[in-house]
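Below: one structure, written as structure tokens.
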Amino acid sequence: MYTPGAVLDRKCVRPYKLPPTESCPGVEIQPGEGIWVPVHGIHHDPRYYEDPGRFDPERFRPENKHLIKPFTYYPFGSGPRVCIAQRFALMETKVVMTHLLSRFSFCVLEEAPVPLVIQPDNLSLGIKGGAWVGIRRRS
């Protein structure tokens, strides 16, 4: 739902022309120029994901993976520059979550904006109004 980085950066290796759209003229990219791939925008685009604002882990089950359009899901990048620490990051996240959930209870506080609204004027992914979570030690 909420990628840690809102964009991926890449460097163009051969001339490429992006086709024009309704809101943007065509753009030519030359070798050596950097581009940003708007991962958060792609992950929340209704052209690629039905009801993109809804948390739905079922869409990523093995039997549903064929429904995901290629190159529209970038949890750790893609291609030859995929994150080399992807497996470690997933394992580390599972260990940390298991540790925290075994010792603490979490709840959403009244101050938390529901549903979450992404802060639009921030380059990194942030929640408008902040993240309000209550944490209580389990006894």
Quick one: if you stick a label point 7 Å off each Cα along the C-beta vector at Glu33 and Ser139, how many nm between them?
6.4 nm
Could you tell me the center-to-center distance, by alpha carbons, between the stretch 95-139 and the stretch 1-62 in angstrom?
26 Å
Please give the helix 86-103 orientation as an angle from the longest Cα principal axis of the chain, in degrees from 0 to 90, rounded to the nearest 10.
20 degrees
Note on the stretch 84-139: alpha-carbon gyration tensor, axes a ≥ b ≥ c; rule is a/c under 1.5 for rounded, else prolate if a/b larger than b/c, else oblate; result oblate
How much FRET efficiency would the formula 1/(1 + (r/R0)^6) give for Val108 and Ala85, where r is the Cβ-Cβ distance and R0 is 25 Å, rounded to 0.05?
0.25
Labelled set (i) -0.93, -1.05; (ii) -0.68, -0.77; (iii) -0.59, -0.68; log10 I(q)/I(0) by the Debye sum over Cα atoms at q = 0.14, 0.15 Å⁻¹ computed from this model equals the value at (i)
At 7 Å along the Cα-to-beta-carbon direction for both Gln119 and Glu63, put a label point, then send me their distance in nm to one decimal.
4.2 nm
Does the stretch 1-52 come out rounded, prolate or oblate by the C-alpha gyration tensor, with a ≥ b ≥ c the root eigenvalues, rounded set by a/c under 1.5 and, if not, prolate when a/b is larger than b/c and oblate if not?
oblate
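Throughout, read-outs are computed from the coordinates displayed, never taken from laboratory work. Quick caveat: nothing in here was measured; it's all calculated off a predicted structure. In this analysis, Cβ positions are derived from the backbone assuming ideal geometry, glycine residues included, and neighbour counts consider all displayed protein chains.
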